[in-house]
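Below: one structure, written as structure tokens.
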Amino acid sequence: MTRILVIGGGIAGVSVAAKLAPDADVTLLETEAALGTHASGRSAALFEENYGTPTTCVLNRASRSEHERRGVLSPRGLMIVAKDSDRAQFETDLIAMSMDEITVADALARVPILNRDITRAAIHEDAHDIDTDKLLQGFAKDARASGANIATRQKVIAIERSTTWQVRTQGQSFEADILVNAAGAWADQIAEMAGVARIGLQPNRRSMARLPAPDGRDVGRWPMIIGPGESWYAKPDAGGWIVSPAEEHPIEPMDAWPDDMVLAEGLDRYQKYVTSPVTRVETSWAGLRTFSPDRALVIGEDLDVSGFFWCAGQGGYGIQSAPAASACLADLVARRTPSLPAETVDGLSPARFR
């Protein structure tokens, strides 16, 4: 049986392990003590089919049935709002997100704290919260049930290749026929360690603040709201209200933390669109969204190094696209023709950067 090492225990690596394990001897290596510690555990967790590049949207749509089967989706809705000064950006967002314009009165009925100088609003009802932990643990359970070994606290420190891949961690050595690089923000570092050319992946910090429910209201049925040009967003979360500056600040791979000034500036942008003042931040955090140079996912075998497969560049789309992305990667590893359109598979291939 083919031996496969998957490096990375976020949603990309765990979903890939689950798809590969029925047909191969799979070991997954994760640096941290728990799966999904970094980007996967800090996602805003929304399923929105129209969010992302064209290839990402294809992956989103192809992932829906599995999300539904796993029972990880719940209704949320996605709204964009704008003022007169945002007119051009609103029109762009309306088209890009395939949303339906609604009256300001309707928007206020849905989210009563919106400022009365809002002049445009649109909604996409078919957007859903994703239970990220249930999704991640479901994939992990599937992987283990098919015989995969999931090893945490295994930081990779060296990779060599002769006839097989040899990977050393701080505690053990592993050998495999195929290496899958699903290391998130660290994927280019893993590639370089393996003697594979970097793609040019760029991690970007995004911060989040958790606030009390505005004015003590029940926010459970409110939609997620996005400011013009994704200049901020807000979303109900376990009875509270989370707000993000939606920043993309290039940063080195690390356990990210929020920048207080960036967070304050983002909360100020948000504050201009609502009537409820921000009086207290209960907690804040940050995550890394790692993009390829063209912002599309990178899925497939390296053009120059056989047996080295990429599953990287998930950006802000990794959770919602995971079922289809992992299935595509598993098909490519097994030398099967993926079920995705051929032009999508080509558009995801790492060969586009060589």
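Descriptive notes on the structure:
- Of all the residues in region 32-72, those that are part of a loop (DSSP other than H, G, I, E, B) and within 15 Å of Thr132 (Cβ to Cβ) number 12.
- Residue within region 73-94 that is surrounded by fewer than 20 Cβ atoms within 10 Å (Cβ to Cβ), of a type outside the set (Gly, Ala, Ser), in contact (Cβ under 8 Å) with a residue 60 or more places away in the chain and in a loop (DSSP other than H, G, I, E, B) present: yes
- Against the test of being over 21 Å from Val298 (Cα atoms), more than 19 Å from the chain's Cα centre (by Cα), at pLDDT 95 or above and not aliphatic (A, V, I, L, M), the options Arg110, Arg70 yield a single qualifying residue, Arg110.
- A Cβ distance below 8 Å, combined with a sequence gap of six or more or placement on separate chains, defines the contacts here; from region 148-162, residues that are in the same structural domain as Ala191 (by TED's automatic domain parsing) and more than 17 Å from Val26 (Cα to Cα) reach no residue that is surrounded by fewer than 12 Cβ atoms within 10 Å (Cβ to Cβ) and acidic (Asp, Glu).
- For region 95-104, the set of residues classified as at pLDDT 95 or above and either more than 10 Å from His124 (Cβ to Cβ) or among the small types (Gly, Ala, Ser) (or both) consists of Glu101, Ile102, Thr103, Val104, listed by residue number.
- Residues within region 293-314 that are surrounded by fewer than 24 Cβ atoms within 10 Å (Cβ to Cβ) and outside any strand (DSSP E or B), tallied: 10
- Screening Ile113, Ile130, Ile102 for residues that are in contact (Cβ under 8 Å) with a residue 12 or more places away in the chain, in contact with a His (Cβ under 9 Å, 6 or more places away or on another chain) and over 15 Å from Leu28 (Cα atoms) leaves exactly one candidate, Ile130.
The values are calculated or read from the model by the stated rules, or taken from the named source; none is laboratory data. The structure displayed is predicted, hence computed values, not measured ones. Counting neighbours? That spans all protein chains shown, and the Cβs are built from the backbone with ideal geometry, glycine included.
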